[in-house]
Amino acid sequence: MFLPAYKNHPFIIQYAMRALESHSVDVTFFYVPQIVQTLRYDALGYVERYILETAQFSQLFAHQIIWNMKANSYKDDDAQVPDEIKPALDGVMSKMVQSFNPLDRDFYEREFAFFDEVTGISGKLKPLIKRPKPEKKQKIEEELRKIKVEVGVYLPSNPDGVVIGIDRKSGKPLQSHAKAPYMATFRIRKNKSGEDEVNGMALEQTQEDKGQDQHQFQDRTIEVWQSAIFKVGDDCRQDVLALQMISAFRGIFHSVGLDVYVFPYRVTATAPGCGVIDVLPNSISRDMLGREAVNGLYDYFVSKYGNEDSLRFQRARSNFVKSMAAYSVISFLLQFKDRHNGNIMIDDAGHILHIDFGFCFDIAPGGIKFERAPFKLTSEMVAVMGGSTDHQSFKWFEELCVKSFLASRQYCEKLSQIVLLMMDSGLPCFKPESVKHFKERFVLEKSEREAANFMKGLIKTSYSSYSTGVYDQFQLLTNGIPY
């Protein structure tokens, strides 16, 4: 309602403000990227007022908004080309920081200094890009040892937990041609109640409830190790949007009681071309399995969970099917490309998980449209789901795909709005027609039965498509990623 289409109509804007203010911060937290983008059209200053007021009673919200503003201030990763929204963002940012009381200001400075130090290590690695791995690892450890963990600081991707320590030996340089991303592991203390992920469409809770909860859970904290990847010179905003969409889909599937599985891990863009990415717990990429000389996914499942008749194998297969169905539908609707084996993970329970969404909507790697298949469905995936399209497990996969697709269609408009608000952000995945194309993929002109058959057709096309195989061969030749 803040978009130019509504021409700043006073009644509409007042209604929109009331609606925004009626939600708890937990819900608006989810929409931080969109709230920041609406500042582009904020001629009357309502959005600015909302941000400043909310920042007064939620420091975490204030921090997320500031990081997002920093990430959106420039059009390029090296912070050379300012975005036209920059003056507006700078203005709101300085007003926010000025409005903090001394305690909040202190917390803000501690948090941002800590995080800048952690991210800064990536910059210090740059000169060593061509050096051997052990040398880079030594440099990371040396830098990690210098960082002092101040009271109350947290990882931007984990605002619900506090960093209480760093595993100083965990630093690991990651493979990259021109950039110097690295991974490190932190000790995090969080409330047990914080296990449920904040979800845009499914979480409503008043501030008073939250206060009482905090009180009850004082003694019930847990400590976990969380690994995160820090990137400099790499735009993470597209991943943020893709994962936000995956979260929204998860909310939809849960709301209709569909037993499917996705894992929207967290990514936060914190400055131009900088970001922090949570590492998926207990999982291994399909690419790494290949390097461990496993012949195929099916053999891996048998070696890990026992033979096909065992209960553990059945449970893992069931998890595989639930996650395959959800990710297949989402991959088609959001057009995830670059689905090679380095971007597909398997977790300990047998779920398949997708990571790295640098290519989605209307953009493909190198502009090459190799991946003509609607989504990735290879013969080794089918092997885990029973080995033939007549097997009970495969039929169940098909049924879950159809149900997930039909459930999503009812929310086409809501999902489109999340995308629409990001259209002017200058993300490379968008072409002028992106929202139109996105809506077309829901085939809203078809009846439910026709839409179900359409989905079944996509599954058939994906399975019989050789293009996925060609793409994997291409990845093997160019990047050495086995399949």
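When Ala180 is tested against (1) assigned to a loop (DSSP other than H, G, I, E, B); (2) modelled with pLDDT of 90 or more; (3) open to solvent by less than 60 Å² (accessible area, probe 1.4 Å); (4) over 30 Å from Leu52 (Cα atoms), just one condition goes unmet, and that condition is (2). The set of residues from the stretch 300-317 being open to solvent by less than 70 Å² (accessible area, probe 1.4 Å) and free of Cβ contacts under 8 Å to residues at least 12 places away in the same chain comprises Val302, Gly306, Glu308, Ser310.
Looking at Ser328, Ser285, Ser255, which is the one that is surrounded by fewer than 19 Cβ atoms within 10 Å (Cβ to Cβ) and either at pLDDT below 95 or among the polar types (S, T, N, Q) (or both)?
Residue meeting the stated conditions: Ser255.
Residues in the stretch 109-140 that are out of contact with any helix residue (DSSP H, G or I) (no Cβ under 9 Å at 6 or more places or on another chain), of a type outside the set (Lys, Arg) and not in a helix (DSSP H, G or I): Pro132 only. For first residues located in the stretch 163-177 and touching a residue at least 12 places away in the same chain (Cβ under 8 Å), partners that are of a type in the set (Phe, Trp, Tyr) and open to solvent by 20 Å² or more (accessible area, probe 1.4 Å) and lie 6+ apart or on another chain with Cβ distances below 9 Å form the pairs Asp167/Trp225; Ser170/Trp225.
Being out of contact with any helix residue (DSSP H, G or I) (no Cβ under 7 Å at 6 or more places or on another chain) and buried (at least 17 other Cβ atoms within 10 Å of the Cβ), is that true of even one residue in the stretch 435-458? The answer is no, given that none of the residues of the stretch 435-458 is out of contact with any helix residue (DSSP H, G or I) (no Cβ under 7 Å at 6 or more places or on another chain) and buried (at least 17 other Cβ atoms within 10 Å of the Cβ). Candidates are the residues of the stretch 258-299 that are without any contact (Cβ under 8 Å) to a residue 12 or more places away in the chain and within 26 Å of Ala228 (Cα to Cα); the one that is nearest to the chain's Cα centre (by Cα) is Met288.
Open to solvent by 20 Å² or more (accessible area, probe 1.4 Å) and either touching a residue at least 60 places away in the same chain (Cβ under 8 Å) or touching a helix residue (DSSP H, G or I) at 6+ places or on another chain (Cβ under 8 Å) (or both): is that true of Glu398 in this structure? Yes, satisfied. Taking first residues from the stretch 230-255 that are farther than 22 Å from Ser404 by Cβ and partners that are assigned to a helix (DSSP H, G or I) and of a type in the set (S, T, N, Q), the Cβ contacts under 6 Å between residues at least 6 apart in sequence or on separate chains come to Phe230/Thr119; Phe230/Ser122; Val232/Ser122.
Residue by residue, here is whether (1) part of a loop (DSSP other than H, G, I, E, B); (2) polar (S, T, N, Q); (3) over 25 Å from Ser247 (Cβ atoms); (4) touching a Gly at 6+ places or on another chain (Cβ under 8 Å) holds:
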| site | (1), (2), (3), (4) |
| --- | --- |
| Asn8 | yes, yes, yes, no |
| Ile12 | no, no, yes, no |
| Met17 | no, no, no, no |
| Thr28 | no, yes, no, no |
| Gln34 | no, yes, no, no |
| Arg49 | no, no, yes, no |
| Gln56 | no, yes, yes, no |
| Gln64 | no, yes, no, no |
| Asn68 | no, yes, no, no |
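For the stretch 45-94, name all the residues that are among the aliphatic types (A, V, I, L, M), modelled with pLDDT of 90 or more and open to solvent by 10 Å² or more (accessible area, probe 1.4 Å). Of everything in the stretch 45-94, those that are among the aliphatic types (A, V, I, L, M), modelled with pLDDT of 90 or more and open to solvent by 10 Å² or more (accessible area, probe 1.4 Å) turn out to be Leu52, Leu60, Val81, Ala88, Met93.
The values are calculated or read from the model by the stated rules, or taken from the named source; none is laboratory data. As the structure is a prediction and not an experimental result, all values here were calculated from the model. Note: ideal-geometry Cβ built from the backbone for every residue, glycine included; neighbour counts use all protein chains shown. These area figures cover heavy atoms from the full protein model, side chains too; ligands, DNA and RNA do not enter into them. Shrake-Rupley method; radii C 1.70, N 1.55, O 1.52, S 1.80 Å.
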